[in-house]
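Working notes for the structure below.
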Amino acid sequence: MANETLRAVRGMNDILPAGIGLWQHFEAVIRDWLASYGYQELRTPILEHTGLFKRAIGEVTDIVEKEMYTFVDELNGESLTLRPEGTASCVRAVVENNLLYDGGKRLWYQGPMFRHERPQKGRYRQFHQVGIEALGYAGPDMDIEHLLMTARLWKMLGLAEFVVLEINTLGGAESRASHRQKLIEWFEAHQDQLDEDSRRRLYSNPLRILDTKNPAMQDLVEAAPKLIDELDAAAMAHFDAVRQGLDAAGVAYRINPRLVRGLDYYNYTVFEWVTDKLGAQGTVCAGGRYDGLVAQLGGKPAPACGFAMGVERLLALMAESGQNPPGAVADAYVVNVGDAATRFAVLAAEALRDAGLKAVLHCGGGSFKSQMKKADASGARFAVIIGDDEAAAGEASVKPLRGEGPQQRVGLAELAGIITKE
């Protein structure tokens, strides 16, 4: 109906001013952290050709089969998709713009991703990720860098005690082919225990059966052949080097042979940082190596690895740990009563901003008492009080709102200096 209250799409949430402080704190820490490792920001469109994700992620995956927001562009008949993850878009941009022409690149991105799934705590249809990709680096040293930098981030965010690192290796193509055949044979022999999804994947993508969340299949999956038993010497040497790097840095981890990740492009090292503080949605950061993806998307073959973290899940974990920083707090709230005072207050607020201070100018009238209540509720450190008498004298009264101190009346030229000094 025309007068019906309009609501946001289910699973796509507003971020309101009352909760923005935690987002801003997280984003500030992220930028400093990534700059300290020499990563450069990349921004890609939220809309891509559907074929990009089918080719990169794999057609027999939950994301492509069930979760993508895909539609046909009425203007030209192209199939387009709201990006469900960031790696494919990042690699597409690198290939299209020939960014590897002069060597490896350390890149990062942030922004909304979209998946059509049942919304639950920490998991939404529009969600936000920070992604880190290193392209052109073949050795285990880059895998180690990614694991060490995530360990550092948890300390910076105050989350180190709430997360655990799990690692595994998927080996190379030959190892996976051998393991794939053994998995097919194992699950064929136990088809009566497979659920519908697993039967559908048995011949197209049996590795994904290992990632099932069906409790009735856990014993069967646990007893299945393990990929680590099929690793060739090169894959094992790479994995051993990663483990040695973690051991040398004192980063604790556990090997999870069932860790396969839900995307087809991974090889060699894969990892997840998990927590038991968020219910079923326990993974807060995950990634690994994807050496074949650049060539798969049309570029000159180049090694690559990366990871992504779910912002909403990390913010939920930060809130669970008791963190709730406020949003941006003003230095001054400018109270004004009277026509002359209102005109002068505009000049006073601009003078404060010229000096690099944050000033909120009261608008809409009201008594001194009501405006002072709003000044206090705003969180500002000072109230700058202007009546017609102050305006006539070219002055303002400065009153501390967050501590002891006298109220002072000063000229406009001294106003910013008083607040900065205090």
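The values are calculated or read from the model by the stated rules, or taken from the named source; none is laboratory data. Treat the numbers as computed from the prediction; the structure is a model and nothing was measured. Cβ: placed from backbone, ideal geometry, glycine included. Neighbour counts: every protein chain shown.
Side notes on the structure shown:
- Yes/no for MET156 being part of a helix (DSSP H, G or I), over 30 Å from GLN296 (Cβ atoms) and either under 16 Å from the mean Cα position of the chain (by Cα) or aromatic (Phe, Trp, Tyr) (or both): yes
- Odd one out for VAL9, checked against (1) under 15 Å from the mean Cα position of the chain (by Cα); (2) exposed (fewer than 13 other Cβ atoms within 10 Å of the Cβ): (1)
- Long-range neighbours under 6 Å by Cβ, at least six apart or interchain, first residue touching a residue at least 24 places away in the same chain (Cβ under 8 Å) within segment 178-198, second in a helix (DSSP H, G or I) and not aromatic (Phe, Trp, Tyr): SER178/GLU230; HIS179/LEU227; HIS179/GLU230; ARG180/PRO206; LEU183/PRO206; HIS190/LEU220; GLN193/LEU220
- Residue among LEU227, LEU183, LEU210, LEU246 that is under 21 Å from VAL270 (Cα atoms), assigned by TED's automatic domain parsing to the domain that holds LYS277 and touching a helix residue (DSSP H, G or I) at 6+ places or on another chain (Cβ under 7 Å): LEU246
- Filter pass, LEU165 being closer than 20 Å to ALA280 by Cβ and at pLDDT 90 or above: yes
- Single unsatisfied condition, ARG402 versus (1) within 35 Å of the chain's Cα centre (by Cα); (2) under 11 Å from ALA332 (Cβ atoms): (2)
- Matching helices (runs of 4 or more DSSP H) fully within segment 274-361 where at least 3 residues are surrounded by 19 or more Cβ atoms within 10 Å (Cβ to Cβ), small (Gly, Ala, Ser) and modelled with pLDDT of 95 or more: 339-354
- Among all residues of segment 219-227, there is none that is of a type in the set (A, V, I, L, M, F, W, C), touching a residue at least 60 places away in the same chain (Cβ under 8 Å) and assigned to a helix (DSSP H, G or I).
- Segment 371-402: number of residues that are surrounded by fewer than 19 Cβ atoms within 10 Å (Cβ to Cβ) and within 14 Å of LEU361 (Cβ to Cβ): 2
- Any hit, segment 141-162, residues being small (Gly, Ala, Ser), closer than 18 Å to GLU272 by Cβ and surrounded by fewer than 17 Cβ atoms within 10 Å (Cβ to Cβ): yes
- Take the conditions (1) within 30 Å of ALA160 (Cβ to Cβ); (2) aliphatic (A, V, I, L, M); (3) touching a Lys or Arg at 6+ places or on another chain (Cβ under 8 Å); LEU315 misses just one of them, which is (3).
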